[in-house]
Each structure stands twice: as structure tokens, then as C-alpha cells.
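S.K.: Dumping the structure here so I can ask a few things about it.
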Amino acid sequence: GDLMLALGSWRERAAAQLRPHDVALGWHVATPQGLPLHPELRPWHVIQIVRILDEAVTNAVKHAQARHIVVTIETLDDGQGDGQVSGQGPRGMISVADDGKGFALSGNGEAGSAGQTARGLRNMRSRAARCGAVLELTSDSSGTLVRLQLPKIFPDSDAAATG
């Protein structure tokens, strides 16, 4: 259930992959507890999340020619009083920001250009949906920001993908 442990391993691997490209990987844990523990978290959830991060980092290096990538991990406590209704606690957010050249997004938030980029982004969105997470993407000439808002409770199967 501890996603922070998996992300720590991913961080080491990603930093090693970026080194030959002379790309700096920043790591910022914005909240002291990192991400909330999820007892229902399964290995396949972790794999989906890690692959989303891999894709974001690969895109930053391969397509955007980024020099710096910063991963931010935080817990958003959106339960200011109304969290009591659902009985569920805070939700985690993982952001990957780069200083690359960005790319055009069409009105629906998809990559404007066809091909690899669009397919990669579709894969990222699909993986997020399967985990019950929400993927937000913003991009302009100053860089790209990928935000993965994790669910309060991870689904126990791929059923979330059917939406």
C-alpha cells in the first residue's frame, strides 16, 4: 500500500536514465507525509502509475528537449469539512513538469499532432483511468505539466477502464 516506496525506486531508475541525456531530475515532496497509504493498492496499480511517469519523462526528453524535469508529490486534503460525508481521506497528486518546448494541444486536451505523441498521451490517460486516477495535461512554449490526481480509493479491478 505504500506508493512512496515504489516511487523512490522509480526515482533512482529515472535519474540514471536521464543522466546520459544531461537532463536534471528534481524531486519535491511537498507534504511531509508524501502520499497517503492505500491498503487496497495492488502491484498492477503501481505498474500503471510508474508507466505514466515513464511516458511523461520519455516525452520530455525525446520530444520536448527538456533540460530539467521536476517531479512533485503532494497530498491534497480536499476534505475541509465535506470529507466527512464520503468517509475518505486526502488524495495524492503526482506532477511531472519539464522546461521543454511543449506541444500544441487541441481543444479537447489531446495532442494536436497525430502519431506517437497522441498515442502516448492516450495511453497515459487510459492507464490513469484504469487506476481511477485523473490525468491533467498543460503544455506551452515554456514546458509541459502532467498532473496525475490519484483516487481516494484505488479500484480493485480494471473495471474503472470501462468508462
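S.K.: Full extension from LEU76 to SER141: what is 0.36 nm times the residue separation minus their Cα-Cα distance, to one decimal in nm? Let's see the in-between values first.
M.R.: Numbers: separation 65, 0.36 × 65 = 23.40 nm, distance 2.78 nm.
Extending this stretch completely gives an extra 20.6 nm.
S.K.: Give a residue-ordered list of calculated ³J(HN,Hα) values for segment 57-63 (Karplus: 6.51 cos²θ - 1.76 cosθ + 1.60, θ = phi - 60°; whole Hz; x for Gly, Pro).
M.R.: Coupling constants for segment 57-63: 5, 4, 4, 4, 7, 6, 9 Hz.
S.K.: Using label points projected 7 Å from each Cα along Cα→Cβ, tell me how many nm separate GLN17 and LEU37, to one decimal.
M.R.: Reported label-point gap for GLN17 and LEU37 is 2.9 nm.
Computed from the coordinates by the stated procedures, all read-outs in this text should not be read as laboratory data. Because the structure is a prediction, the values reported are computed rather than measured. Cβ sites come from the backbone with ideal geometry, for glycine too, and all protein chains shown count toward neighbours.
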